[in-house]
Amino acid sequence: MSRVIFHEQSGAMRPVPKLAPGEAVQDTYGRPMRDLRISVTDRCNFRCRYCMPREVYGPDHVFLPRSALLTFEEITRIVRIALTLGIRKIRLTGGEPLMRKELEVLVGMLSGLRTPDGMAPDLTMTTNGALLARKAKALAAAGLQRVTVSLDAMDDAVFQRMSDSGVPVADILGAMDAATEAGLTPLKVNMVVRRRMNDDQILPMARHFRHSGRVLRFIEYMDVGHSNGWRMDEVVTGAEIVQRINAEFPLVPVQAHYRGEVASRWAYADGGGEIGLITSVSQPFCGDCTRLRLSPEGKLFTCLFADHGHDLRELMRTGIGDDILAAHLSGVWLGRTDRYSEQRGQAGASGRDNKIEMSYIGG
Ligand code: SAM
Ligand code: SF4
Ligand code: SF4
C-alpha cells in the first residue's frame with residue numbers, strides 16, 4: 001500500500017510511491033531521482049570570476065548566518081530519507097565545502113547510512129583543493145570515497161586570474177597528491193573553460209594529466225546565476241576542445257558508464273587515460289538529468305537553473321515526522337519538469353530573473 005500525503009507545493013494529494021529496493025521516484029519525464037548534491041556552505045576562499053566575482057562577493061557581501069545552515073543532523077536526516085526514494089550518489093559541494101567546519105564529522109555521519117537494499121551510497125566531494133591537503137586523511141578515514149578537484153590552468157598567472165586568489169597551482173597539485181595518498185581515488189579534475197581567459201590552458205592541462213591516472217573534465221562555461229556576466233561567445237564548446245586535443249593526442253570515444261552520467265568520455269588512443277566533457281551549453285543532457293540539489297539552508301532545487309527552491313528546513317524545524325518529509329521530497333521530484341539547458345535561448349528561458357548562484361548551490 002502506498003502512503004497518501006498532502007503535498008504542499010503542488011497543492012495535490014500525492015501518494016508516496018511504493019518502491020521496490022533499488023527503484024527510484026521518477027519525475028514527469030520518467031527521470032529517476034539518483035544523485036543528491038549537497039551544498040554545505042555559501043562561503044568560499046576563492047573568488048573565481050565565473051562564479052563569485054569580487055565586485056559582487058566583496059567584503060560587504062552578506063553570507064548566510066550559521067543559524068540558517070542546516071545542521072549535520074538535519075542533512076543526515078534528509079539523506080537517510082532520500083536514500084529510501086532512490087538516491088544512490090551523494091556529492092558534497094558549496095561554495096567551498098571545506099570552509100564548513102568539521103566537515104569530516106558530516107562525512108562520518110553520511111557514510112554510515114545505507115540504501116534499502118543495504119548498499120553504502122557513493123559519497124564524494126567537489127573542492128577547489130586549497131584546504132584539501134590538510135583534510136584529506138580525516139575525510140578518507142570518515143568514509144569519503146573520492147574527490148573532484150577544480151583547477152582551471154597549469155600556469156600560475158592564469159590560474160590566479162581565474163580564481164582571483166594568490167594560491168599557486170603547485171598547492172592544488174600537492175592537494176591532489178595528498179588526496180591520492182589518502183585513497184580518495186580515482187581523482188577527477190574539473191576545468192571550466194572560458195574563451196580568452198584560460199582556453200590557452202586546454203593543452204597544457206591535457207599534457208599534464210595524461211598518464212596520471214586522473215580524469216580531466218572540461219566544463220563549458222555556463223550561464224548559472226546572474227553574477228558572472230556570462231556571454232555565449234566566451235563558451236568554448238566540448239567539440240572544439242576535443243578537436244584541439246585530438247590534433248596533438250588522438251582521442252577515441254568511450255561509452256557512458258550509466259544513465260545520467262554528466263560527462264561524455266574520450267580516451268587517448270595511446271592508452272594515456274581518459275578525459276571528460278561537460279557540454280551543458282552545446283549539448284544539453286536534461287533528458288538524463290537525475291540530480292537533486294540541497295542548498296546550505298535546506299532548500300531543494302530540481303535544476304541548476306531553477307529560480308526557486310522548496311524549503312525543507314522550516315518544515316523540519318516544525319517537528320514533522322519522516323513520513324511527511326519523505327512525501328515532500330518525493331513530491332518535489334514527482335512534479336519536476338525542468339529542462340532548462342534544452343530550452344536555453346528559447347523565448348522566456350534565459351529571461352529568468354532569480355536564477356540561483358553556483359556558489360550557493362554547487363556544481
Ligand atoms: N568550490 C568548489 C569547487 O570549485 O570545486 C565546489 C563548488 S563549485 C561551484 C563546483 C564546480 O562548479 C567547480 O568545478 C566550478 O569550476 C564549477 N563552476 C562554477 N561556476 C561555473 C560556471 N559559471 N560554469 C561552469 N562551471 C562552473
Ligand atoms: Fe569558490 Fe568553487 Fe565558485 Fe571558485 S567555483 S568561487 S572555488 S565555489
Ligand atoms: Fe538538469 Fe537543469 Fe542542468 Fe537540465 S539544465 S541538465 S534539468 S540541472
For the stretch 175-319, what is the charge dipole size about the Cα centre, in debye to the nearest 20, if Lys and Arg each add +1 at the Cβ and Asp and Glu each add -1 at the Cβ?
160
Report the extension gain between Asp122 and Leu173 in nm, rounded to one decimal, defined as 0.36 nm multiplied by the number of residues separating them, less their alpha carbon distance.
15.9 nm
Between Arg66 and Glu181, what FRET efficiency comes out of the Förster formula 1/(1 + (r/R0)^6) with R0 = 30 Å and r the beta carbon distance, rounded to 0.05?
0.40
Residue separation times 0.36 nm, minus the C-alpha to C-alpha distance between Lys18 and Arg54: what's the value?
8.2 nm
Assuming R0 = 22 Å, can you tell me the calculated FRET efficiency for the pair His226 and Tyr29, based on Cβ-Cβ distance, to the nearest 0.05?
0.25
Taking the Cα-to-Cβ direction at Arg134 and at Glu102 and moving 7 Å from each Cα, how far apart do the two end points lie in nm?
1.7
When the dipole is taken about the Cα centre of the chain, and only Lys, Arg (+1) and Asp, Glu (-1) are charged at their Cβ, what size is it in debye, to the nearest 20?
540
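For Gly225, what is the net charge nearby, where nearby means another residue's Cβ is under 9 Å from its Cβ and Lys, Arg count +1, Asp, Glu -1?
After counting each charged neighbour, the total is -1.
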With N residues in the stretch 33-87, Rg(alpha-carbon) / (2.2 N^0.38 Å) equals 1.49
Summed residue charge, Cβ within 11 Å of Ala178's Cβ, Lys/Arg positive, Asp/Glu negative:
0
Given Cβ charges of +1 for Lys and Arg and -1 for Asp and Glu, the option among Thr115, Leu203, Met52 whose Cα lies farthest towards the positive end of the dipole of the chain is Thr115
Filtering GluC sites (Glu not before Pro) in the stretch 230-294 by DSSP loop and by at most 14 other Cβ atoms within 10 Å leaves Glu261
From the C-alpha gyration tensor of the chain, pull out the three semi-axes of the equivalent ellipsoid (sqrt of 5λ each), sorted largest to smallest, in whole Å.
32, 22, 22
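Roughly speaking, what is the stretch gain from Glu261 to Asp200, that is 0.36 nm per residue apart minus the C-alpha to C-alpha distance, in nm to one decimal?
Contour length minus the Cα-Cα distance gives 19.2 nm.
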By how many degrees, 0 to 90 and rounded to 10, does the Cα axis of helix 169-182 deviate from the longest principal axis of the chain?
60
Mind counting lysine pairs for me in the chain? Cα separation below 29 Å, and the two need to be 8 or more apart along the chain or on different chains.
19
Local net charge near Thr124, Cβ-Cβ under 11 Å (Lys/Arg +1, Asp/Glu -1):
+3
Binning every alpha carbon pair distance of the stretch 228-355 at 5 Å from zero, what are the percents per bin?
2, 9, 14, 16, 15, 13, 11, 8, 6, 3, 2, 0
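Every number in this text was worked out from the coordinates using simple rules, so none of it is lab data. Fair warning: this is a prediction, and the values are worked out from it, not measured in the lab. Don't worry about glycine lacking a Cβ; one is built from the backbone with ideal geometry, like all the others, and counts go over all protein chains shown.
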